[in-house]
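Beneath this line is the structure, given in structure tokens, with notes to follow.
Readers should treat all values here as calculations from the given coordinates under stated rules, not as data from a laboratory. Computed from a prediction, not measured in an experiment: that's the story for all the values here. FYI the Cβ positions are ideal-geometry reconstructions off the backbone, even for glycines, and counts take in every protein chain you see.
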Amino acid sequence: MNLENRVNQLILEGEKLSSTLIFKPIQSGSLQLYPNYKSKENDRYQKWKYVVERFLTAYYPSYIKPFKEVSHKLTPNNHAGILAILESIQEYPNTWDRPHITQEKKEGTASFPIVTPNLQLAYEFLWEAIRDELTGQQLKDIEHIIHNKDDDEQTLKLLIQYLSTITSDSIPRILARILMNPTVSQGLSRY
């Protein structure tokens, strides 16, 4: 799943749902203390809201608290708040939540950090760094080498051989992009 496309889809759906919000006036004799809103397409709205919550839980857990604050009651302002959360992710897509870092120490061994980030985010970030530096043909060649070999040792040998033919500054630039990612650089500053 491309996270950028998914965020865009959620924003577009939310913008469409904005026009479905209607005001429900307070009825006389009701215990209702403040005006209420509902969506003309309540099932569609609820599904969108739960998909947004699931998306945030999976990929941006630090946004869950603000999401819950604005999604507890349906109002135009709260709906705009949900959209603002999604738009902030759209504006800064690479500022992912920092992975959880722990130290593992076994008897008689050195201590190494164990990083447990969301694997999908790591995959997306890595391929973004690679795609920014390599041509489409180079990416196809790499994919061909990886997917068309049965022997791991032979695949490794061919991949190293191919990567050594790529311009001398491409690989360092890919590594630099990875190291400049806020999540990676924050993790490095701990050591």
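Treating cross-link reach as a plain straight distance, find the lysines whose alpha-carbon is under 24 Å from the alpha-carbon of Lys47, omitting any fewer than eight places away in the same chain. Of all the lysines, those that pass the test against Lys47 - Cα under 24 Å, at least 8 places apart if same chain - are Lys16, Lys24, Lys38, Lys65, Lys68, Lys73.
Taking label positions 7 Å along the Cα-Cβ direction at both Leu12 and Tyr50, the computed distance is 2.3 nm, reported to one decimal.
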